[in-house]
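Shown next, in structure tokens, is the structure this report addresses.
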Amino acid sequence: MATKRDYYEVLGVPKTASVDDIKKAYRKLAKECHPDLHPNDKDAEARFKELNEANEVLSDPEKRARYDQFGMDGPQNPFGGAGGAGGFDFSGFGGVGDIFDQLFGGGGMNSQARRNAPRAGEDLQYELKISFEEAANGCEKSFEFYRDETCEVCGGTGAKPGTQPKTCPTCKGAGQVRMQGGFMVVTRPCTTCGGTGKIVTDKCQTCGGTGIKRVRRTAKVKIPAGIDNGQSVVLHGQGGPGVNGGPAGDLYIFVSVKPHKLFKRNGTTLLLDMPISFTQAALGADIDVPTLNGTVKYHIPEGTQSETEFRIKGQGLPRVGSTLKGDLLVHVKVEVPKRLNEKQKEILRQFESQTTGREYEGSKTFLDKVKSLFG
Ligand SMILES: [Zn+2]
Ligand SMILES: [Zn+2]
């Protein structure tokens, strides 16, 4: 197994870093080594993966505590293999004591103790459809989405206004009960209160006692110029509500860019297939090339062959965060005319009778090769 770097080292944060510090460090580094910015760079890809792994562990209080206690080779899964039979995930165990707790009825002592600690809210995702031009030029969009929020009627307690949740009589508010099992004391979450230490007798009618309400919200987001399909913009603090006074989660807006009628793109390069007539190709011509902002004149030289590519500087797309634009790559296809009338055909026959063979480089080379083969 390859040696892994310490997760704190990967994120460049001290062991005492707060959830916010970790999130901040992760976002900054993820931006720097995002694979979209480093196409075909295996190192950047590996760093990005390492970063995500570190973030996944350190931003989750339970996983982080386990990592702090046991390190990289800790009992992520004491029974080997990822997850368990029938979808039971052993990775939820914090240690041997927890295994006993689990066997005695779900929820470990450590996870119980942490359940009352402040936790960041859930991160949400939203898919935003934008046009090709909006992606190229940037835009500001409003959209509606649903998220869970703390019920304002009961302030998140779940209790009917005017009433208070009562302290659980079974666990006296601790959320867990201790059991003497021979030489061992095991702790399990209190089943009376579900581990919260409190019991709501008169439920809040707005949220049904959950303390949480699903709310429809409108958000406005600025999409930076140059964003590509599948990339995201984050709105901090617009995700789910924090738990026990923790910060709200983030809202990730993933853009889905609609295809364009004429253009495609490859990173910052704008791609265009453009037909030209065979006379334009033979004689050369000034053509009007469409771009994302009107047309530009471009001179194609005489004798242009089909499938030739021309690069028009600075008519592509910007990289996110930069004003420098890529190029427009025009791929010309020479179109052979169809449905000629008799007069047009006669002109072409006359033209053909005037050719000496010098005019067709490819055919000449080809015929020379044939001759050399058959004498
Ligand atoms: Zn409520
Ligand atoms: Zn209880």
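The values are calculated or read from the model by the stated rules, or taken from the named source; none is laboratory data. Quantities reported herein were computed from a predicted structural model and do not represent experimental measurements. Glycine also receives a Cβ, built like all others from the backbone with ideal geometry; neighbour counts cover every protein chain displayed.
Quick notes
- Residue that is among the aromatic types (Phe, Trp, Tyr) and either touching a Gly at 6+ places or on another chain (Cβ under 7 Å) or over 29 Å from GLY246 (Cβ atoms) (or both), where the choices are PHE143, PHE183: PHE183
- Subset of segment 187-243 (residues that are β-branched (Val, Ile, Thr), within 16 Å of ligand 2 (Cβ to nearest atom) and farther than 21 Å from ALA159 by Cβ): THR187
- Selection status of THR157, within 16 Å of ligand 2 (Cβ to nearest atom), within 20 Å of GLY240 (Cβ to Cβ) and in contact with a Pro (Cβ under 6 Å, 6 or more places away or on another chain): yes
- The one condition in (1) within 25 Å of ARG319 (Cα to Cα); (2) exposed (fewer than 13 other Cβ atoms within 10 Å of the Cβ) that PRO14 fails to fulfil: (1)
- Segment 114-123, subset crowded, with 19+ Cβ neighbours inside 10 Å and of a type outside the set (Gly, Ala, Ser), residue nearest to ligand 2 (Cβ to nearest atom): ARG115
- Test set (1) over 27 Å from ASP20 (Cβ atoms); (2) within 35 Å of the chain's Cα centre (by Cα) - LYS166 fails condition number: (2)
- Of the residues making up segment 35-51, those that are out of contact with any Phe, Trp or Tyr (no Cβ under 7 Å at 6 or more places or on another chain) and surrounded by 13 or more Cβ atoms within 10 Å (Cβ to Cβ) number 9.
- Any hit, segment 214-227, residues being of a type in the set (D, E, K, R), within 16 Å of ligand 1 (Cβ to nearest atom), in contact with a Cys (Cβ under 9 Å, 6 or more places away or on another chain) and more than 14 Å from GLU140 (Cα to Cα): no
- Leading residue by the ranking (farthest from ligand 1 (Cβ to nearest atom)) among those in segment 140-161 that are assigned to a strand (DSSP E or B) and surrounded by 16 or more Cβ atoms within 10 Å (Cβ to Cβ): LYS141
- In the set (1) touching a residue at least 40 places away in the same chain (Cβ under 8 Å); (2) within 27 Å of GLU149 (Cα to Cα), the condition left unmet by GLY237 is number (1).
- Residue among THR323, THR356 that is β-branched (Val, Ile, Thr), out of contact with any strand residue (DSSP E or B) (no Cβ under 7 Å at 6 or more places or on another chain) and farther than 30 Å from ARG265 by Cβ: THR356
- Those strands (runs of 3 or more DSSP E) of segment 271-373 in which 3 or more residues are under 45 Å from the mean Cα position of the chain (by Cα), surrounded by 12 or more Cβ atoms within 10 Å (Cβ to Cβ) and touching a residue at least 40 places away in the same chain (Cβ under 8 Å) occupy 328-335.
- Hits in segment 196-227 (condition: in a loop (DSSP other than H, G, I, E, B), at pLDDT below 95 and either surrounded by fewer than 16 Cβ atoms within 10 Å (Cβ to Cβ) or on the phi < 0 side of the Ramachandran plot (or both)): THR196, VAL200, THR201, ASP202, CYS204, GLN205, THR206, CYS207, GLY208, THR210
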